[in-house]
Amino acid sequence: VADLTGKIVLITAAAQGIGRASAEAFARAGAKVIATDINAPLLAELDAVPNVTTRVLDVLSTDAVNQAVAEIGHIDVLFNCAGVVHGGTVLEMSDDDLDFALALNVKAQIRTIKAVLPQMLERQDGAIINMATVASSVKGVPNRAAYTISKAAVVGLTKSIAADYTTQGIRVNAICPGTVDSPSLHQRWHATGDFEAARKAFIARQPIGRIARPDEVADLAVYLAGATYTTGQVHIIDGGWTA
Ligand code: NAD
C-alpha cells in the first residue's frame, strides 16, 4: 500500500460511524485529516486525535463546500462519506424523500468533487472515494427504494469520473458495504419497534455471522487512497451478503 504520510485527506460526515472511523484510520496511516460534519459537538471529539483537524461543513451548501476547499487549499484525497437511509418501497417513497436522498447521497458528492477536482487536475494527482452501498446497482434490498436509487447513482458518478479523468491522474472508487454498526443503524433498529429482533434479522442476512465494524470499512478507504492501480471500481465489503 502506498505511503499516506503527509497526504491531506478531506472526509465528509466524520463525526460518527464510518466517517469517524475513517478519520482515525487515515490519521493512523500518517495522513493529515480534515474531518468535517454538521454535528459540531460530536465532531469536536476528534480534535483530540493526532493528525486530525475538524471543521463544521454542511455538504448540502455549495457556498460552504467551495469556501472550505478554498481555505483548506491542497487536498490529496477526498472521501465522500455523507449519506442518509430512507425506508420504504417505490410506492411509499415521497418526492421529498427522493429529493433529499438524491441531494445528500449524490448531489453533495458531485458538489465536493467539483470543488476539489480542479486542483487535483492541476497536479495531475488525486484520489476520490465515494461511499455507496450494496443496496445500489449491486443488489436490490427490500424497503430501500430512495436509498438504492440514489446510491446506484453514486456508482454511476464514480464510473463517469473514472472515464473522464483517469488519463489525468485522478483515481476514483466506490465503497459498497453491507451492514455496518453505526449510530444511524441503531436508530433504524429502534424505529422498527423491536430493536433486538431487527438486530438479529440484520445479522442473519450476513453469511459471515455479524455486521461490519466501521473500522473495517475505514481500512478499505485507506487502502483505496493509496491503491495506485485501481480506479472506476465498486469495492464490495459485505460479509458475503452478495457472494
Ligand atoms: P451515520 O449515518 O451514523 O452518520 C452520518 C453522519 O453524517 C452524521 O455524523 C451526520 O451528522 C452526518 N451528516 C448528515 N448530514 C450531513 C450534511 N448535510 N453535511 C455533513 N454531514 C452530514 O454513519 P454511517 O451509518 O457510518 O454512514 C456513513 C455512510 O456510509 C453513509 O453514506 C451511508 O449511506 C453509508 N453506508 C452505511 C451503512 C451502514 O450499515 N451503516 C452501509 C452501507 C453504506
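Just so you know, in region 55-78 the residues that are near the ligand (Cβ under 10 Å from one of its atoms) and of a type outside the set (G, A, S) include one that is nearest to A44 (Cα to Cα), and it is V56.
Condition (residue is of a type in the set (K, R) and within 10 Å of the ligand (Cβ to nearest atom)) applied to region 21-36: is it met by at least one residue? Looking through region 21-36, none of the residues is of a type in the set (K, R) and within 10 Å of the ligand (Cβ to nearest atom). Within region 78-89, the set of residues being of a type in the set (V, I, T) and under 18 Å from V106 (Cα atoms) comprises V84, V85. Scanning region 80-102 for residues that are surrounded by 14 or more Cβ atoms within 10 Å (Cβ to Cβ) and among the acidic types (D, E) yields one hit, D97.
Apart from one condition, L117 fits all of (1) under 24 Å from T230 (Cβ atoms); (2) within 14 Å of the ligand (Cβ to nearest atom); (3) of a type in the set (A, V, I, L, M); the exception is (2).
Applying the selection to region 149-169, what residues are closer than 15 Å to I236 by Cα and touching a Lys or Arg at 6+ places or on another chain (Cβ under 9 Å)? Selection gives K151 alone. Hey, does region 115-126 have a residue that's touching an Asp or Glu at 6+ places or on another chain (Cβ under 7 Å), buried (at least 17 other Cβ atoms within 10 Å of the Cβ) and in a strand (DSSP E or B)? Yes, some residue in region 115-126 is touching an Asp or Glu at 6+ places or on another chain (Cβ under 7 Å), buried (at least 17 other Cβ atoms within 10 Å of the Cβ) and in a strand (DSSP E or B). Taken together, the residues in region 204-232 that are of a type in the set (V, I, T), under 22 Å from the mean Cα position of the chain (by Cα) and under 22 Å from T242 (Cα atoms) amount to 4. Filter the helices (runs of 4 or more DSSP H) completely within region 154-235 down to those with at least 3 residues that are surrounded by 14 or more Cβ atoms within 10 Å (Cβ to Cβ), in the same structural domain as N39 (by TED's automatic domain parsing) and of a type in the set (A, V, I, L, M). In region 154-235, 214-226 are the helices (runs of 4 or more DSSP H) which contain 3 or more residues that are surrounded by 14 or more Cβ atoms within 10 Å (Cβ to Cβ), in the same structural domain as N39 (by TED's automatic domain parsing) and of a type in the set (A, V, I, L, M).
Filtering region 130-148 to residues that are without any contact (Cβ under 8 Å) to a residue 24 or more places away in the chain, within 11 Å of the ligand (Cβ to nearest atom) and part of a loop (DSSP other than H, G, I, E, B) leaves only V141. Taking the conditions (1) under 18 Å from D215 (Cβ atoms); (2) in contact with a Phe, Trp or Tyr (Cβ under 9 Å, 6 or more places away or on another chain) in turn, K7 satisfies each one other than (1).
Being charged (D, E, K, R), assigned to a loop (DSSP other than H, G, I, E, B) and away from the ligand (no atom under 11 Å from the Cβ) is a property that holds for E92. Quick check, is A212 touching a strand residue (DSSP E or B) at 6+ places or on another chain (Cβ under 6 Å), modelled with pLDDT of 95 or more and within 15 Å of the ligand (Cβ to nearest atom)? So A212 fits the description; yes.
Please go through region 6-20 and pick out each residue that is more than 6 Å from the ligand (Cβ to nearest atom) and at positive phi.
Taking region 6-20 first, the residues more than 6 Å from the ligand (Cβ to nearest atom) are 6-11, 14, 20.
Passing the criteria: only G6.
The values are calculated or read from the model by the stated rules, or taken from the named source; none is laboratory data. From a predicted model like this one, the values you see are computed outputs, not experimental measurements. Counting neighbours? That spans all protein chains shown, and the Cβs are built from the backbone with ideal geometry, glycine included.
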